[in-house]
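The values are calculated or read from the model by the stated rules, or taken from the named source; none is laboratory data. From a predicted model like this one, the values you see are computed outputs, not experimental measurements. For accessibility, only protein heavy atoms count, side chains too; no ligands or nucleic acids. Shrake-Rupley method; radii C 1.70, N 1.55, O 1.52, S 1.80 Å.
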Amino acid sequence: MDPIASPERPDLAMLLPRSTYWHLVHTLQATLPPPAADTAAALAHRDNAAIAEVASMLPANAEEVAIAARCVAAHAQAMDCLRLAHQKRDDIDRYLRCNAQCAGMLRQAGAARTLLLRVQAARRAREADPANCDQAAWIEHCAIGLMAHALNDAEPDPPPPPPPPAEIVAEPDASDRFSALTEAEQYAVTYPRRAAQIRALGGVPDRCAFGPPSAALVQAIVGGTSPILLELDRQPELANA
């Protein structure tokens, strides 16, 4: 049984949404500035407000959740810098540094929000095409499976066995090919002009300038329909040579 899919170790792909949001909440708790009051109630209000902000951005997958959390954390940090700036109004240098940090964090929050909107627009465009949507879902499924196996130190799949060596078929040499031909074909290959004249005239020429073949061979040359013999008919210049 696959150890990842066993009852003792459930499939991580099935637990992914829960793990994503668990990680998000605990990451936000570690990165958000402290609440205004040092009480458990204030801490809970801070966490609940951050969760509500993330949810209001309507993240639909792990990537969008991470970007939304980045936006919320950067915005919270900017507000904390602004709070510190007001506390240090008498220290001009400290006041200006806090204001500069606030402006920088607000830019990061805005950039994250813009990125999230672009990512969501791209996702909606994919979802409008069922084929692209199915392909994206399959790629995500494969990525989850591979990383889940890696996380659980699963043994990698053994490499596939090498393909069997291709059977080498020896190419017959010229003598073998020639010996496989009929007698008429051998004659046409050896004496193409003579064979062409015999086929064109329907027999041996009256004034034969070469040793005539046997009557049976002449008949085979004239009546043969193999590609070699038919090729002679398409070369009339041979018969007239």
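So what's the convex hull volume per residue for the Cα atoms of segment 56-96, in Å³? Please report the intermediate quantities before stating the final value.
Values: hull volume 2.2 nm³, N = 41.
Cα convex hull per residue, to the nearest whole number: 53 Å³.
Spelling out what I want: for every residue of segment 56-62, take phi, set θ = phi - 60°, compute 6.51 cos²θ - 1.76 cosθ + 1.60 (Karplus), and round to whole Hz; glycine and proline get x.
Those phi angles translate into 5, 7, 6, x, 10, 8, 4 Hz.
Would you mind getting the accessible area per residue of segment 22-111, heavy atoms of the protein chains only, 1.4 Å probe, in Å²?
Using a 1.4 Å probe on heavy atoms only, each residue of segment 22-111 averages 60 Å².
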